[in-house]
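Below is one structure, written out as structure tokens, with a few remarks after it.
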Amino acid sequence: MKARLLAIMTVVAAVVSIIILLSTSANHEFQYKQISCRGNFIQHGNGCVLDPKSIEPNTIIIQHVTENTAGTRLAISPQTLVIDLEENNTVTWVNQGIFTAKITDRERGLWGIDKIKPSAKKSIQLNSTGFYSFLVVADVEGEVGRIVALGNNVDYLSVGNRAKMAQAIISDNFREYPELVGVGSGGAPGTGVSITINEKEIELHGDAKSYYHEKYRKIIPFEVPITIEFGEPIRLD
């Protein structure tokens, strides 16, 4: 009888321990392990990339960065480049990586750059306002980037195109907006960009939805429908 009682108590203790562990984990937001990046490098995920603020305008750097556990990986900085076609419509890729790189248009396959050798650079000119998605391939690795080309006629683009542009602008700056949980575009026609804010912010503002609608309306440099939602941050599983 004592042995049976002891076994039951052991099982109960184990279940309680698991419940406590799960509830503790649920109260911690997901975060990457903090690493030290030197010079003009900043943390991006579990690696270091060049700070976009240290890069020349209209320039994208191709490089190989060191990860915490898996050696090096292909990276581009900035991952989203915003340009003003009225000021400068030339985009330049500089290959600071260790392999020859190739650039391809992911939208329609209408443009690209065949080869950029290490320590070399190549440029293209963009003549149309809009959203451009491209793929950089070096050796067997690939990395996706985006270009948001602004111009006087941006407000005449479809809502869908403007929503993708707005999503790219906001999603590339997550580290600057601590309240941001997620951002998306698409859905029903005319819905624009959907921005999800940490639900804890509701308690900090009298009308949090209006507050953040106005904040992101100023961040996005053109008119686009904005939907503000609230939700929980990504948490540990």
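Just a few scattered comments:
- Residue within the stretch 79-88 that is modelled with pLDDT of 90 or more, touching a Gly at 6+ places or on another chain (Cβ under 9 Å) and surrounded by fewer than 14 Cβ atoms within 10 Å (Cβ to Cβ) present: yes
Condition check ((1) within 19 Å of Arg106 (Cα to Cα); (2) at pLDDT below 95; (3) assigned by TED's automatic domain parsing to the domain that holds Asp105) across all residues:
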{"site": "Leu135", "(1), (2), (3)": "yes, no, yes"}
{"site": "Val140", "(1), (2), (3)": "yes, yes, yes"}
{"site": "Val148", "(1), (2), (3)": "yes, no, yes"}
{"site": "Glu176", "(1), (2), (3)": "no, yes, no"}
{"site": "Gly186", "(1), (2), (3)": "yes, yes, no"}
{"site": "Pro189", "(1), (2), (3)": "no, yes, no"}
{"site": "Ile197", "(1), (2), (3)": "no, no, no"}
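- Only strands (runs of 3 or more DSSP E) whose full extent lies in the stretch 125-237 are considered here, and the ones with at least 1 residues that are closer than 30 Å to Phe99 by Cα and out of contact with any helix residue (DSSP H, G or I) (no Cβ under 8 Å at 6 or more places or on another chain) are 130-138, 141-150.
- Residues in the stretch 126-138 that are farther than 19 Å from Asp84 by Cα and in contact with a Gly (Cβ under 9 Å, 6 or more places away or on another chain) were compared, and the one that is surrounded by the fewest Cβ atoms within 10 Å (Cβ to Cβ) is Leu135.
- Ser123 vs. criteria polar (S, T, N, Q), loosely packed, with under 14 Cβ neighbours inside 10 Å, at negative phi and at pLDDT below 95: no
- Count of the stretch 116-151 residues which are of a type in the set (D, E, K, R) and within 17 Å of Ser171 (Cα to Cα): 2
The values are calculated or read from the model by the stated rules, or taken from the named source; none is laboratory data. Values in this document were obtained by computation on a predicted structure and should not be read as measured data. FYI the Cβ positions are ideal-geometry reconstructions off the backbone, even for glycines, and counts take in every protein chain you see.
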